[in-house]
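Asks: Just passing along the structure, written as structure tokens.
Read-outs: derived from the displayed coordinates by stated rules, not from any lab. These numbers come from a predicted model, not from an experiment. Cβ: placed from backbone, ideal geometry, glycine included. Neighbour counts: every protein chain shown.
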Amino acid sequence: MKYRSTGKDAPAVTVSEAIRNGLAPDGGLYVPERFPAFQTRDFARVVTLPEVGRILLEPFFEGDPLQPELPAICQDAFSFPIPLRPVNGRKGVSVIELFHGPTAAFKDVGARFLAACLERLEQQEQDTLKVLVATSGDTGGAVAAAFHRRPGIEVKVLYPAGMVSPRQEQQLTCWGDNIHAFRVAGAFDDCQRLVKAALASEALTAECRLTSANSISIGRLLPQAVYYAAASLWHWREHGKRLSLIIPTGNLGNAVAAVWARATGLPVGTITLATNANKVIPDYLSGGDWQPRQSLATLASAMDVGNPSNMARLQDLHPDFSELAASVDAFAVSDEQIRRQIRTDYSEHGELWCPHTATAAHVADHHYDFSAGPVAIVATAHPAKFETVIEPLIGETIPVPPALANLFDLPSHADDLGTEPEAFFAVLRST
Ligand SMILES: *Cc1c(COP(=O)(O)O)cnc(C)c1O
């Protein structure tokens, strides 16, 4: 299997080259040249996530040096449960819980898979690989956790000073060893600019081996298709029906993975995107132009994206607009609707959602067409990660899951960094 760029101006590469490159040299995103065709019986007797991953991803790794390692990579990456369970008080609605990983958000899945791939690709290399990641909160923690103590790899996490929550900051700064956190005197955009400047500097990249772990990496996207494949298979076995999905969406990475899972023939039904007030996607799908804008700050902060970069992958799969618009639905959810959803679902049904998951729960209640069959909302993070939003709404303290609580007890350390690229380059040269 080869991967080509959505930019259409870069050579096709194998999966490990696509993983190493991150972005294609023409600035496009890597997509598989074709999708394998599966039937549910290809997964007969399969009961674990690593097994689903091995079968689903085998064709995507065909002909690649990592192919023989795929079973071990899946074992390594899918190391925590991803349950599908019915939602209390709602007929025909279930939830896929993606938050049982080390940092309690779905990004753990992609980050662990990417780390498992890069660790194996690095085994033949002499020099350390430096993985750069700019984060506004969740991504950096997941990447740090996933790469912690992997040999041959160092991680540099850049986050904006004073703009991540105390619990998020702890998840970025508690690791030590090969993980190095930088508190940048600027905004998230400044962090991202520093990472881009480093990767673009020929002088620097001649001296140290650098890559990034941002969300457009195909090494993060492919494994996300695995949990949708698994959920749809479990549902198919029990009910003989396709499972539709409602996915909290920001940069569209999680949702594109679902579209890809369906493109391989798995029994996924309709796919509905739930955004926060950043509604570039719903506006576009309802017949407007593609108009990226400045992002707005909302309660579902990990979805505050004004220019969802993975739209390029959806457009590549459906070059015809009417086909694209038929492939997914999308609805925007306001902060007030998020608050109300969290309050009422907790008081009436004992269901507690993080603000991102609450957008999907709102869409299930107000927009989903149940004639399309049963639906699963996707829970992208544990509510305890967003206690500052949720606790005032419900008037209670949220118990912290043990894995997260352990991180809160570790000592933390970050170095201060300005927004001048040269200072960052000097650090990269010397550490
Ligand atoms: C990143 C994130 C999202 C958005 O996912 P995309 O792949 O960017 O659409 C939703 N919820 C949580 C908790 C996240 O961390």
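Asks: Can you give the Kirkwood hydrodynamic radius for region 158-203, in Å, rounded to one decimal and based on Cα pairs?
Replies: Numbers: mean 1/r = 0.0866 Å⁻¹.
After inverting the mean inverse Cα-Cα distance, the result is 11.5 Å.
Asks: OK, next. In terms of the ratio Rg/(2.2 N^0.38 Å) built on C-alpha atoms, what value belongs to the chain? Please list the in-between numbers first.
Replies: Working: Rg = 20.5 Å, N = 431, 2.2 N^0.38 = 22.1 Å.
That ratio works out to 0.93.
Asks: Given 10 Å bins starting at zero, what is the percent of C-alpha pairs of region 238-390 in each, up to the one with the largest pair distance?
Replies: Result returned by the calculation: 11, 42, 35, 12, 1.
Asks: Which loop-located GluC sites (Glu not before Pro) does region 124-207 contain, where loop means any DSSP state but H, G, I, E or B and the Cβ has at most 16 other Cβ atoms within 10 Å?
Replies: Values: sites: E125, E154, E169, E202, E207; in loops: E125.
Within region 124-207, the qualifying GluC sites (Glu not before Pro) (loop, at most 16 other Cβ atoms within 10 Å) are E125.
Asks: Shifting gears a bit: Step through the table entries K241/K385; K2/K385; K2/K107; K196/K279; K8/K385, compare each Cα-Cα distance with 31 Å, and write down the pairs that go over it. Spell out each step's value before the answer.
Replies: Details: K241/K385 34 Å; K2/K385 38 Å; K2/K107 25 Å; K196/K279 26 Å; K8/K385 39 Å.
Checking Cα-Cα distances, K241/K385; K2/K385; K8/K385 exceed 31 Å.
Asks: Work out Dmax and Rg for region 133-288 from the C-alpha atoms and quote the Rg first, both in angstrom.
Replies: 18.7, 58
Asks: Can I ask one more? Would you be so kind as to identify which of I281, P267, P292 lies farthest towards the positive end of the dipole of region 240-306, taking Lys and Arg as +1 and Asp and Glu as -1 on Cβ and the Cα centre as origin?
Replies: P267
Asks: Taking every pair of alpha-carbon atoms in region 16-162, what share in percent sits in each 10 Å bin, from 0 to the bin with the longest distance?
Replies: Pairs per bin, as whole percents: 10, 32, 37, 17, 4, 0.
Asks: On to the next question. Any aspartates and glutamates with Cα under 12 Å of the K91 Cα? List them, leaving off those in the same chain fewer than 8 positions away.
Replies: Qualifying aspartates and glutamates at Cα under 12 Å: D365.
Asks: Quick check: Cα centre of region 395-417 to Cα centre of region 32-106, how many Å?
Replies: Here the answer is 28 Å between Cα centres.
Asks: So which GluC sites (Glu not before Pro) in region 336-431 pass both tests, a DSSP loop state and at most 12 other Cβ atoms within 10 Å of the Cβ? Please report the intermediate quantities before stating the final value.
Replies: Working: sites: E336, E348, E351, E387, E396, E422; in loops: E351, E396.
The qualifying sites are E396.
Asks: Here is a follow-up. How far is it, in nm, from the label point at D416 to the one at E207 when both lie 7 Å from their Cα along the line to the Cβ?
Replies: In this crude spin-label approximation the distance works out to 2.4 nm.
Asks: What Kirkwood hydrodynamic radius, in Å, does region 172-228 give when the mean of 1/r is taken over all pairs of distinct Cα atoms and then inverted? Please list the in-between numbers first.
Replies: Working: mean 1/r = 0.0719 Å⁻¹.
Result for region 172-228, one decimal place: 13.9 Å.
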